[in-house]
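The next block holds one structure in the form of structure tokens; read it before the comments.
The values are calculated or read from the model by the stated rules, or taken from the named source; none is laboratory data. All figures in this text were calculated on a predicted structure; none of them were measured in a lab. Virtual Cβ from ideal backbone geometry, glycine too; neighbours counted across all protein chains shown.
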Amino acid sequence: MSFILRCIDCGHKAPYFPTVIDCSQCGSQWREAEYDLETLSKTLPLQLTDRPFDLWRYHELLPIRTADPSLSLGEGGTPLIQANNLGLMLGCPNIFIKDERQGPTASFKDRQAAVSMAALKEAGITEMVVASTGNVAIAYSAYAARAGIKLWAFVTSLVPAVKMREIALYGSQLIKVSGSYDSVKRAASEFAKQRNLYQNMGARSVPSVESMKTIGYEIAEQLTSYLGSDTSADDKSPRWQTPDWYIQAISGGMGPLGVDKGFSELEKMGFTNKRPAIAGVQAAGCAPIVNSWKKGLENPEVVDVPRTHIETLATGDPGRTYKLLRKIVDDTGGAFESVTDEEAFRAMHVLAKMEGISAEPAAAVAFAGLFKLIRAGVIKPTDTVVVNCTGHTVPPEKFVLGDDWARNVVLPKEEDSKEETPKEGILAALSHVVPERFSRVVIVDDTTEARLLIRRILQSQGDFTIYEAKNGKEALRVVRREKPDLIILDLMMPELDGFGVLDELKSNAETESIPVIVSTAKELTKKEKERLKGQIQSLLQKGDFMSDEFLDEVHTIIP
Ligand SMILES: *Cc1c(COP(=O)(O)O)cnc(C)c1O
Ligand SMILES: [Zn+2]
């Protein structure tokens with residue numbers, strides 16, 4: 001493999017040895033790997049076809065001399081999933097989820113760990129130190145176990161206990177430090193210096209940043225199989241697709257740093273036509289990068305005391321990464337955004353209920369950011385968006401779910417008897433947990449997808465009996481038959497439209513008082529708005545409402 005390190009401060013070039021951590025010319029610790037992209041642009045396309053879809057598919061673009069398959073846990077090659085339901089709900093059909101939960105340690109940190117451990121093993125290192133907000137320690141622990149490297153994992157005491165136990169299970173030496181993540185990093189660094197141990201250097205660690213590029217490569221290949229090759233260029237070679245946006249929750253910011261380098265290399269090799277806009281999302285209680293960028297600062301304002309439950313993202317001092325990321329975001333026309341913990345937890349529910357994806361709160365931060373950027377018009381309805389869903393499906397913390405998330409069934413006990421509870425007993429117990437009659441809702445819409453979206457949202461909450469009607473005439477029949485508690489009504493339908501349905505309903509004593517929520521894709525004229533006035537409970541703009549807001553609305557009508 002031919003690659004060389006180039007110092008980003010003085011340009012000096014030198015071969016890579018993990019133990020040499022600074023530039024011999026100027027002492028800078030910020031160096032980048034450079035490859036012979038010219039040659040690779042010719043050789044790689046031919047070689048890729050026969051390779052498995054995993055991280056090592058692109059090994060010529062990683063800072064490893066010889067790939068060692070014996071260390072692999074199957075890292076990389078995670079699915080790219082189209083988020084059809086989110087797309088429908090948000091009016092932005094091309095949303096894709098890069099599902100990094102499906103890596104061997106359930107976060108994209110396993111890419112960093114796999115490449116770093118391979119590099120360290122090559123260099124003969126047998127013991128090392130990492131500081132982590134949780135997921136780095138888990139990933140490095142798993143790969144350290146395989147590589148036979150002893151790992152000292154320093155974590156903040158806020159890391160959830162399940163994650164700590166996982167770290168310990170891999171045989172790492174776990175050190176809990178009470179204090180912020182930045183002080184954990186200092187403690188780890190002191191410890192490493194004292195014992196002369198190799199320490200992971202975050203964004204200055206070349207294999208870590210380089211490993212993140214593979215996310216970009218994979219997205220380009222996967223998006224091409226969804227969208228077909230990009231033929232917008234005039235030359236004949238097939239081009240890979242890149243999304244308009246790549247969105248990720250950021251802490252230290254290594255992810256987007258590496259992913260953007262990956263996209264840049266693809267462009268330089270002529271495999272793609274553009275770099276995506278990069279969007280980084282932080283938790284509002286610890287958002288030094290977002291806040292500093294919004295203020296247009298050259299250097300970041302450090303957050304000393306992070307105020308967020310989302311400990312995975314609690315890097316208060318982004319250091320030099322801020323400047324590097326700021327340049328990337330500005331060059332690509334991207335954005336930084338912050339979201340509150342509450343917005344993140346809501347997004348976590350939406351993602352689980354709409355797409356069947358359960359991820360840790362840190363991953364939900366990226367989705368809450370997506371929602372915000374779409375609503376603000378920063379991301380356009382026609383844009384193709386890839387959201388990195390990295391992070392464990394850890395058992396949700398109590399504060400995420402609230403109190404009423406299960407129904408309890410208490411089966412009656414038969415005195416002194418080992419017999420099972422008879423069937424009548426079970427039925428009697430069950431009758432207490434679900435009401436006799438659920439509230440009835442009729443969904444009227446001529447498009448199947450739209451009906452399904454509303455149905456899915458209502459069902460995620462549970463307590464409704466749902467009827468559907470495909471047009472105005474059918475709607476009137478179903479309403480007269482079922483006497484629903486609520487009607488969700490589309491306006492534009494063939495034959496009898498929503499206005500006609502409303503007129504009919506309101507002119508009949510039996511149906512005039514049934515509440516109606518209008519959901520429409522139409523921009524209403526002033527006259528049409530007049531016509532709806534006093535007739536309906538609320539108006540939803542299709543493609544611009546969140547599932548939980550809609551449910552809140554429904555619950556104000558049927559408690
Ligand atoms: C590490 C991590 C992040 C932040 O990644 P950086 O690119 O290093 O800022 C986001 N989400 C999860 C789940 C993580 O583990
Ligand atoms: Zn230098």
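For the stretch 263-289, which positions are more than 15 Å from P45 (Cβ to Cβ) and of a type in the set (A, V, I, L, M, F, W, C)?
Within the stretch 263-289, F263, A277, I278, A279, V281, A283, A284, C286, A287, I289 qualify.
Residue by residue, here is whether (1) acidic (D, E); (2) at positive phi; (3) in the same structural domain as T312 (by TED's automatic domain parsing); (4) within 14 Å of ligand 1 (Cβ to nearest atom) holds:
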position: D110; (1), (2), (3), (4): yes, no, yes, yes
position: A113; (1), (2), (3), (4): no, no, yes, yes
position: G124; (1), (2), (3), (4): no, yes, yes, no
position: G134; (1), (2), (3), (4): no, yes, yes, yes
position: I138; (1), (2), (3), (4): no, no, yes, yes
position: Y143; (1), (2), (3), (4): no, no, yes, no
position: A147; (1), (2), (3), (4): no, no, yes, no
position: I167; (1), (2), (3), (4): no, no, yes, yes
position: K176; (1), (2), (3), (4): no, no, yes, no
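Note down all Cβ pairs under 8 Å where the first residue falls in the stretch 132-144 and is part of a helix (DSSP H, G or I), the second is acidic (D, E), and they're at least six residues apart or on different chains.
Final answer for the pair search is I138/E166; A139/D110; S141/E166; A142/D110; Y143/D110.
Has the stretch 208-215 got at least one residue that is assigned by TED's automatic domain parsing to the domain that holds P243, within 13 Å of ligand 1 (Cβ to nearest atom), of a type in the set (D, E, K, R) and part of a helix (DSSP H, G or I)? Explain how you work it out, then say what you get.
Here is the first cut: in the stretch 208-215, the ones assigned by TED's automatic domain parsing to the domain that holds P243 are 208-215.
Next cut, within 13 Å of ligand 1 (Cβ to nearest atom) only: 208-209, 211-213, 215.
Subsequent filtering for residues that are of a type in the set (D, E, K, R) retains 213.
With part of a helix (DSSP H, G or I) added as a condition, the list becomes 213.
Within the stretch 208-215 (the criterion being assigned by TED's automatic domain parsing to the domain that holds P243, within 13 Å of ligand 1 (Cβ to nearest atom), of a type in the set (D, E, K, R) and part of a helix (DSSP H, G or I)), the answer is yes, since at least one residue qualifies.
When the stretch 145-166 is examined, which residues are found to be in a loop (DSSP other than H, G, I, E, B) and farther than 24 Å from H309 by Cβ? Explain how you work it out, then say what you get.
To start, the set of residues in the stretch 145-166 that are in a loop (DSSP other than H, G, I, E, B) comprises 148-149, 157-160.
Hits for the stretch 145-166 are G148, I149.
Across the stretch 90-110, which residue is farthest from ligand 2 (Cβ to nearest atom) among those that are surrounded by fewer than 24 Cβ atoms within 10 Å (Cβ to Cβ) and in a helix (DSSP H, G or I)?
Checking each candidate, the answer is L90.
Count, please, the residues in the stretch 19-40 that happen to be more than 31 Å from the chain's Cα centre (by Cα) and more than 9 Å from ligand 2 (Cβ to nearest atom).
Residues in the stretch 19-40 being more than 31 Å from the chain's Cα centre (by Cα) and more than 9 Å from ligand 2 (Cβ to nearest atom): 7 in total.
Report, by residue number, each residue of the stretch 330-342 that is in a helix (DSSP H, G or I) and surrounded by 20 or more Cβ atoms within 10 Å (Cβ to Cβ).
Taking the stretch 330-342 as the starting set, the residues that turn out to be in a helix (DSSP H, G or I) are 330-332, 341-342.
Once the filter is applied, which keeps residues that are in a helix (DSSP H, G or I) and surrounded by 20 or more Cβ atoms within 10 Å (Cβ to Cβ), the stretch 330-342 yields T332, D341.
Can you spot a residue in the stretch 355-368 that is away from ligand 1 (no atom under 15 Å from the Cβ) and either buried (at least 18 other Cβ atoms within 10 Å of the Cβ) or more than 16 Å from the chain's Cα centre (by Cα) (or both)? Step through it out loud before you land on a result.
As a first pass, look at the stretch 355-368 and keep what is away from ligand 1 (no atom under 15 Å from the Cβ): 355-356.
Filter again for either buried (at least 18 other Cβ atoms within 10 Å of the Cβ) or more than 16 Å from the chain's Cα centre (by Cα) (or both), leaving 355.
So far as the stretch 355-368 goes, yes, one or more of its residues are away from ligand 1 (no atom under 15 Å from the Cβ) and either buried (at least 18 other Cβ atoms within 10 Å of the Cβ) or more than 16 Å from the chain's Cα centre (by Cα) (or both).
Counting just the residues of the stretch 66-80 that are in contact with a helix residue (DSSP H, G or I) (Cβ under 6 Å, 6 or more places away or on another chain) and farther than 16 Å from I219 by Cα, which one comes out nearest to ligand 1 (Cβ to nearest atom)?
L71
Looking for something exposed (fewer than 14 other Cβ atoms within 10 Å of the Cβ), more than 14 Å from ligand 2 (Cβ to nearest atom), hydrophobic (A, V, I, L, M, F, W, C) and over 30 Å from A364 (Cβ atoms) - is there at least one such residue anywhere in the stretch 57-67?
no
Do we have any residue at all in the stretch 431-441 that's at pLDDT 80 or above and aliphatic (A, V, I, L, M)?
Looking through the stretch 431-441, at least one residue is at pLDDT 80 or above and aliphatic (A, V, I, L, M).
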